[in-house]
1. Looking only at the range 42-62, decide whether some residue is touching a His at 6+ places or on another chain (Cβ under 8 Å), over 18 Å from Val107 (Cα atoms), more than 16 Å from ligand 2 (Cβ to nearest atom) and assigned by TED's automatic domain parsing to the domain that holds Arg108.
2. Could you count how many residues in the range 51-62 are in contact (Cβ under 8 Å) with a residue 24 or more places away in the chain and away from ligand 1 (no atom under 16 Å from the Cβ)?
3. Pick out the one residue from Arg178, Arg191, Arg197 that is within 15 Å of ligand 1 (Cβ to nearest atom) and charged (D, E, K, R).
4. Taking the range 192-209, which residues are in a helix (DSSP H, G or I) and either under 17 Å from Pro166 (Cα atoms) or touching a Leu at 6+ places or on another chain (Cβ under 6 Å) (or both)?
5. Just give me the residues in the range 33-50 being touching a strand residue (DSSP E or B) at 6+ places or on another chain (Cβ under 6 Å), touching a residue at least 40 places away in the same chain (Cβ under 8 Å) and within 28 Å of Gln64 (Cα to Cα), in sequence order.
6. For the range 46-70, give me each residue that is of a type in the set (A, V, I, L, M) and either in contact with a helix residue (DSSP H, G or I) (Cβ under 6 Å, 6 or more places away or on another chain) or within 16 Å of ligand 3 (Cβ to nearest atom) (or both).
7. Need at least 3 residues that are more than 23 Å from the chain's Cα centre (by Cα) per element, so show me which strands (runs of 3 or more DSSP E) inside the range 3-111 make the cut, counting only ones lying wholly within it.
8. Among the numbered criteria (1) of a type in the set (Asp, Glu); (2) buried (at least 20 other Cβ atoms within 10 Å of the Cβ); (3) more than 16 Å from ligand 1 (Cβ to nearest atom), which single criterion is violated by Glu156?
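The values are calculated or read from the model by the stated rules, or taken from the named source; none is laboratory data. Just so it is clear, the model here is predicted, and its values are computed rather than measured. Glycine gets a Cβ as well: all are built from the backbone with ideal geometry, and neighbour counts include every protein chain shown.
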Amino acid sequence: MNVIIQILRRDGRDQEPYRQSFEIHPPLAATVSWALGELNARLPLVDVDGKAARHIAWNCGCRQKTCGVCAMVINGRPMPACSAFIEDLTVRKNTVSVEPLSKFPVVRDLVVDTTILEEKMLEAGAFLSGAPGIERTRDGRLMEISRCMLCGCCFEVCPNCLPNGPFIGPAAMHGALRAALQEQAASHRKRILRNAREKGGWLCSRALSCQAVCPAGIPVTGTLASL
Ligand code: SF4
Ligand code: SF4
Ligand code: FES
């Protein structure tokens, strides 16, 4: 089966976006990550109109849905490219649309700058005052929220997450809870939780779109209940 990969591209920061399409012939179980790698291996790379194209900038890391760096918007939904199977994306049509996450500054093509997620983590006060409490590291909740890979998919879909807004968002709430669960000093633990409630829990409208797209399957409901 021939599939068209349509990519929303930018040549650099603050450059105008444009769409460019490429034809691929995916094998069984091919992912969008596979497709981007295959396109970039072509010399020269030519689009569907026969025009020479610049190779595609995108972030690739673990290729097993663990590091989160390959998150992008695929057929309108944020997800890691390495777990986006082309056969699932082409049930109704043979075109797959690929765009960068929209709430982060685009560096080039599909590469975005997700520094805002780390800034939100700092705003949440998600850090320890000293060494972590070892006896707490087997806590089931801690293991669950530790799966967060800061991919940004939740930030993309959450109606309340805005780069300059007051809401810290689900990833920072998980981070704050993670810090609170490991913090040994009771006063600092209380401070983290109060901060996460005021800048997170109280501003969350509980639509749960973040939970629906989280590739790590972390339930925000559990974190909200623990703040
Ligand atoms: S909570 Fe889930 S969707 Fe959000 S950054 Fe972490 S892994 Fe990604
Ligand atoms: S439940 Fe809704 S408002 Fe709350 S963090 Fe998730 S997407 Fe955002
Ligand atoms: S490359 Fe690590 S999640 Fe996709």
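1. Quick first cut of the range 42-62, residues touching a His at 6+ places or on another chain (Cβ under 8 Å) only: 45.
Next cut, over 18 Å from Val107 (Cα atoms) only: 45.
From the residues that got through so far, the ones that are more than 16 Å from ligand 2 (Cβ to nearest atom) too are 45.
This time we only want the ones that are assigned by TED's automatic domain parsing to the domain that holds Arg108, so: 45.
Yes - at least one qualifying residue is present in the range 42-62.
2. Residues of the range 51-62 in contact (Cβ under 8 Å) with a residue 24 or more places away in the chain: 53-54, 56-60.
Checking which are away from ligand 1 (no atom under 16 Å from the Cβ) leaves us with 53-54, 56-58, 60.
Final tally of qualifying residues: 6.
3. Numbers: Arg191 fails: within 15 Å of ligand 1 (Cβ to nearest atom); Arg197 fails: within 15 Å of ligand 1 (Cβ to nearest atom).
Of the residues listed, the single one that is within 15 Å of ligand 1 (Cβ to nearest atom) and charged (D, E, K, R) is Arg178.
4. Here is the first cut: in the range 192-209, the ones in a helix (DSSP H, G or I) are 192-199, 201-203, 209.
Within the range 192-209, Ile192, Leu193, Arg194, Asn195, Ala196, Arg197, Glu198, Lys199, Gly201, Trp202, Leu203 meet the criteria.
5. Listed by number, the list holds a single entry, Ala35.
6. Ile56, Ala57, Val69
7. Of the strands (runs of 3 or more DSSP E) lying wholly inside the range 3-111, those with at least 3 residues that are more than 23 Å from the chain's Cα centre (by Cα) span 18-24.
8. (3)
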